[in-house]
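S.K.: The structure follows.
The values are calculated or read from the model by the stated rules, or taken from the named source; none is laboratory data. If you're wondering where the values come from, they're calculated on a predicted model, not measured in any experiment. Don't worry about glycine lacking a Cβ; one is built from the backbone with ideal geometry, like all the others, and counts go over all protein chains shown. In case anyone asks, the SASA skips ligands and DNA or RNA and just uses the protein heavy atoms, side chains included. Shrake-Rupley method; radii C 1.70, N 1.55, O 1.52, S 1.80 Å.
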Amino acid sequence: MEGSVQEEQTNYQEVRALRVRIAELEKIQQEQNLALHQEKEARKALETRLHTVLNERDRLIEELTEAQDNINALLDANQRMDEFLGIASHELRTPLTTINGNIQLAKRRLKAFRLDDTREDFANKVDVIREMLERAERQVRVQNRLVGDLLDISRIQANRLELHFQECDLITVIKEAVEDQRASWPKRLIVLDNFSCTQEIRIEADPDRIGQVITNYLTNALKYSAPETGVNVAISSTAQEVKVAVQDAGPGISTEEQAQLWQRFYRVPGISVQNGSGVSLGLGLHICRTIIERHGGHLGVDSIQGEGSTFWFTLPFIA
Ligand code: ADP
């Protein structure tokens, strides 16, 4: 009996010790759970922070790339400006030298006229003088176009390019521009596509400025393509707008360059004037873009390298 009481007491003590131990273990487990939870929270916070830092890093890299692109664009623009100033001063002087030279020569030839000249001598001398004066006249036109473009560019920069809108006939404007070019390039074929069936196309525009755009497209088409190739001018329309397109069989322009050639001073590397007394300053298309956009129209170029280009613009019809 005494033995079993003692045994019971021992058991009781063991149970108590076990309970204490279990309680201790539970406490340790709770503490570990808490520590685990805290670690998870800390890890989550760290991950969030890391995410923010990575985002920040990506944003800074993007900003850096953008800043670098801006610097490169500025350096490019500066280089183009330097090249432009070099070419412009040369191109402005060249026609003057030719004009002056031809006038001096013509004056000398005039002095060589003699009272006893035969009719034939007289006619020959007059022909030579006429040729000299025509050469001078061509250079005056080149100079005039150059000075006009320079003035337009500075007006565009100062936001002061004035347009004189009026109701006018686009067909007349195109035909006049084409006739002028046919006179300047008598050996080149300039075809008007689809024009016979179109009588008149009334638009609200500045006819001189639209003529300037067509002239610029035409002179580019003529000066950048081989002399034996022709140029095509086409017109088409929808209910809302009319489209004019000038197509040549010149060198063609890569997709990358097509996007850039509307910028001021931009000249496509590797494309040079093939014929005529054409100057290349990279001003014309920038002026064209400003004129067409100010008319509420669109413009662009479709081109395949090696096959030619089609420069086009659209103008909205009078509402
Ligand atoms: P410019 O002809 O005086 O250089 P533009 O602004 O009219 O100036 O033309 C910009 C550049 O686009 C030209 O220098 C030339 O490289 C390219 N370009 C324009 N028209 C054509 C064309 N029809 N075919 C090929 N390249 C062209």
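S.K.: For the structure I just gave you, tell me whether residue 239 is touching a residue at least 24 places away in the same chain (Cβ under 8 Å), in a loop (DSSP other than H, G, I, E, B) and not β-branched (Val, Ile, Thr). Can you show your working first?
M.R.: On the way: touching a residue at least 24 places away in the same chain (Cβ under 8 Å): yes; in a loop (DSSP other than H, G, I, E, B): yes; not β-branched (Val, Ile, Thr): yes.
Yes, satisfied.
S.K.: Look through segment 117-175, keep the residues that are acidic (Asp, Glu) and in contact (Cβ under 8 Å) with a residue 24 or more places away in the chain, and return whichever of them is farthest from residue 282 (Cα to Cα).
M.R.: Here is the first cut: in segment 117-175, the ones acidic (Asp, Glu) are 117, 120-121, 127, 131, 134, 137, 149, 152, 162, 167, 169.
In the following step, the residues that additionally are in contact (Cβ under 8 Å) with a residue 24 or more places away in the chain were identified as 149, 152, 167, 169.
On the way: 149: 10, 152: 13, 167: 31, 169: 29 Å.
Only one residue tops the list, namely 167.
S.K.: Identify the single condition in (1) at pLDDT 95 or above; (2) in contact with a Lys or Arg (Cβ under 7 Å, 6 or more places away or on another chain); (3) not small (Gly, Ala, Ser) that residue 273 does not satisfy, given that it satisfies every other one.
M.R.: (1)
S.K.: For residues that are within 11 Å of the ligand (Cβ to nearest atom) and assigned to a loop (DSSP other than H, G, I, E, B), tally how many sit in segment 260-303.
M.R.: Selection size over segment 260-303: 20.
S.K.: In contact with a helix residue (DSSP H, G or I) (Cβ under 9 Å, 6 or more places away or on another chain) and either acidic (Asp, Glu) or in a loop (DSSP other than H, G, I, E, B) (or both): does that describe residue 137?
M.R.: Details: in contact with a helix residue (DSSP H, G or I) (Cβ under 9 Å, 6 or more places away or on another chain): yes; either acidic (Asp, Glu) or in a loop (DSSP other than H, G, I, E, B) (or both): yes.
For residue 137, the condition - in contact with a helix residue (DSSP H, G or I) (Cβ under 9 Å, 6 or more places away or on another chain) and either acidic (Asp, Glu) or in a loop (DSSP other than H, G, I, E, B) (or both) - is met.
S.K.: Let me confirm something: among 209, 155, which residue is open to solvent by less than 80 Å² (accessible area, probe 1.4 Å) and of a type in the set (D, E, K, R)? Break it down into steps so the answer makes sense when it comes.
M.R.: Working: 155 fails: open to solvent by less than 80 Å² (accessible area, probe 1.4 Å).
Of the residues listed, the single one that is open to solvent by less than 80 Å² (accessible area, probe 1.4 Å) and of a type in the set (D, E, K, R) is 209.
S.K.: Got a sec? Which strands (runs of 3 or more DSSP E) wholly within segment 145-209 have at least 2 residues that are β-branched (Val, Ile, Thr)? Talk me through it step by step, then tell me what you get.
M.R.: Numbers: elements: 166-169, 190-193, 202-205.
Of the strands (runs of 3 or more DSSP E) lying wholly inside segment 145-209, those with at least 2 residues that are β-branched (Val, Ile, Thr) span 190-193.
S.K.: A further question on this structure: Here's a check for you: in segment 225-255, which residue that is of a type in the set (Gly, Ala, Ser) and within 18 Å of the chain's Cα centre (by Cα) is nearest to the ligand (Cβ to nearest atom)?
M.R.: Ranking the candidates gives 252 first.
S.K.: For segment 71-92, give me the residue count where each residue is open to solvent by 90 Å² or more (accessible area, probe 1.4 Å) and either farther than 30 Å from residue 142 by Cβ or hydrophobic (A, V, I, L, M, F, W, C) (or both). Even if it seems obvious, please write down each step before you answer.
M.R.: Our first condition is that a residue be open to solvent by 90 Å² or more (accessible area, probe 1.4 Å); within segment 71-92, this holds for 74-75, 78-79, 82, 85, 90.
The next check asks that each one be either farther than 30 Å from residue 142 by Cβ or hydrophobic (A, V, I, L, M, F, W, C) (or both); those that pass are 74-75, 85.
Looking only at that region, the number is 3.
S.K.: Next question. Any residue at all in segment 51-61 that is open to solvent by 80 Å² or more (accessible area, probe 1.4 Å) and within 30 Å of residue 261 (Cα to Cα)?
M.R.: Checking segment 51-61: at least one residue is open to solvent by 80 Å² or more (accessible area, probe 1.4 Å) and within 30 Å of residue 261 (Cα to Cα).
S.K.: Return the pairs, sorted by first residue and then second, in which the second residue is in a helix (DSSP H, G or I) and open to solvent by less than 50 Å² (accessible area, probe 1.4 Å), the first residue lies in segment 78-94 and is charged (D, E, K, R), the beta carbons are less than 9 Å apart, and the residues are 6+ apart or on different chains.
M.R.: Here the result reads 91/142; 91/143; 91/146, each pair linking segment 78-94 to a residue that is in a helix (DSSP H, G or I) and open to solvent by less than 50 Å² (accessible area, probe 1.4 Å).
S.K.: Residues to consider are 65, 52, 10; find the one that is out of contact with any helix residue (DSSP H, G or I) (no Cβ under 9 Å at 6 or more places or on another chain), modelled with pLDDT of 95 or more and either over 29 Å from residue 266 (Cβ atoms) or not in a helix (DSSP H, G or I) (or both).
M.R.: Numbers: 65 fails: either over 29 Å from residue 266 (Cβ atoms) or not in a helix (DSSP H, G or I) (or both); 10 fails: modelled with pLDDT of 95 or more.
Exactly one of 65, 52, 10 is out of contact with any helix residue (DSSP H, G or I) (no Cβ under 9 Å at 6 or more places or on another chain), modelled with pLDDT of 95 or more and either over 29 Å from residue 266 (Cβ atoms) or not in a helix (DSSP H, G or I) (or both), namely 52.
S.K.: If you scan segment 212-224, which residues turn out to be open to solvent by 10 Å² or more (accessible area, probe 1.4 Å) and more than 9 Å from the ligand (Cβ to nearest atom)?
M.R.: 212, 215
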